[in-house]
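One structure below.
The values are calculated or read from the model by the stated rules, or taken from the named source; none is laboratory data. Small disclaimer: the values here were computed from a predicted structure and weren't measured. Please note: Cβ atoms are built from the backbone with ideal geometry, for glycine as well, and neighbour counts cover all protein chains shown. For accessibility, only protein heavy atoms count, side chains too; no ligands or nucleic acids. Shrake-Rupley method; radii C 1.70, N 1.55, O 1.52, S 1.80 Å.
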Amino acid sequence: MTEVRPVHGRPLAAAAALAFAGAALVMLVGREALAAAPLAAVAAVAAVAAATLLILAALGARLVRPLFSSHHPASLTAPAMGAMAVCLPTALLAERLTTFLAGGLAGLGLAAGLTGLVVGAGLAVAQAAGREAGVSPGRLLRAVAGGTVAGALFVPLIAVPKLSPLNACLDVGIGCAAVGIICASAAPHGKRSLETWLSVLALVFVLLLPLSSLIDARSSAWCDPAAAPVAAKPAP
């Protein structure tokens, strides 16, 4: 008897994991950027970052929708998880480098925009896959809400007291890759190769973990105002 494989792409797991990773990343990046911002500008910086996050999330959802006409949404949940895994350390390091080159507002805006773009596209994929699988919008919304709350609590309760920021991003990225493998196992026939690529991605993150403290220390210095480039003074 031929086994019938599911083709729903695990939309609830993808939605919860995307919300968790997005919330954790925003908390980690925002915590660094707002700590370096002048006290009087904290509210303005936070407002700009929130607006950037929402606008880019809407853009990401819009950009991914044309793919639904040529790809089954269930085949896109695993790539969405892979993109989120890569986004985690990339957004953190990009925020630090941009802060060094152009200031804290630019760094936070870039990280928030990148996070919003990936999370918005991923949640649109999860919503479409859930609709194809008959998952009610209420269940999907509860998965997103639960993931968001858990991700927001992960940073102050676990990441800050026990992990460095990059270590936390790599750990959450490994989790995203694992969820992506689960999503790929329920993808349409022919998409099982994604399990291999996501496994390789998780392995790369595991190998980077011992170096994360060193990379964190070096890249954190980019956000130090004393490390910013100073224009040479003219000779007297």
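Tell me whether region 148-164 contains one or more residues that are in a helix (DSSP H, G or I), within 24 Å of Arg62 (Cα to Cα) and open to solvent by 30 Å² or more (accessible area, probe 1.4 Å). Yes. For the condition crowded, with 21+ Cβ neighbours inside 10 Å and in a helix (DSSP H, G or I), Gly130 qualifies. A single entry from Thr115, Thr99 fulfils the requirement of being among the β-branched types (Val, Ile, Thr) and modelled with pLDDT under 90: Thr99.
Does Ala35 satisfy the condition of being part of a helix (DSSP H, G or I) and at pLDDT below 90? Spelling it out, Ala35 is indeed part of a helix (DSSP H, G or I) and at pLDDT below 90.
For Leu110, indicate whether it is assigned to a helix (DSSP H, G or I), under 21 Å from the mean Cα position of the chain (by Cα) and closer than 25 Å to Pro11 by Cα.
Answer is no for this residue.
Taking Gly30 and the conditions (1) under 23 Å from Leu170 (Cβ atoms); (2) of a type outside the set (Ser, Thr, Tyr); (3) open to solvent by 50 Å² or more (accessible area, probe 1.4 Å), which numbered condition does it fall short on, given that it satisfies the others? The failed condition is (3). Could we say that Ser193 is modelled with pLDDT under 90, open to solvent by less than 60 Å² (accessible area, probe 1.4 Å) and either of a type outside the set (A, V, I, L, M) or touching a Ser or Thr at 6+ places or on another chain (Cβ under 7 Å) (or both) here? Answer is no for this residue.
Restricting to region 196-214, count the residues that are under 19 Å from the mean Cα position of the chain (by Cα) and either open to solvent by 40 Å² or more (accessible area, probe 1.4 Å) or of a type in the set (A, V, I, L, M, F, W, C) (or both).
Filtering region 196-214 down to residues under 19 Å from the mean Cα position of the chain (by Cα) leaves 197-206, 208-209, 212.
Of the ones still in play, those that are also either open to solvent by 40 Å² or more (accessible area, probe 1.4 Å) or of a type in the set (A, V, I, L, M, F, W, C) (or both) are 197-206, 208-209.
Final tally of qualifying residues: 12.
Tallying residues that are in a helix (DSSP H, G or I) and surrounded by fewer than 21 Cβ atoms within 10 Å (Cβ to Cβ) within region 133-147 yields 8. Given the structure, is Gly175 touching a residue at least 24 places away in the same chain (Cβ under 8 Å) and either of a type in the set (S, T, N, Q) or surrounded by fewer than 22 Cβ atoms within 10 Å (Cβ to Cβ) (or both)? Yes; evaluated as a whole, the condition is true for this residue.
The rows are residues; the columns are (1) in contact with a helix residue (DSSP H, G or I) (Cβ under 8 Å, 6 or more places away or on another chain); (2) within 18 Å of Gly30 (Cβ to Cβ); (3) modelled with pLDDT of 95 or more.
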| residue | (1), (2), (3) |
| --- | --- |
| Gln127 | yes, no, no |
| Gly130 | yes, no, no |
| Arg139 | yes, no, no |
| Val155 | yes, yes, no |
| Ala159 | yes, yes, no |
| Ala177 | yes, no, yes |
| Ile181 | yes, no, no |
| Ser185 | yes, no, no |
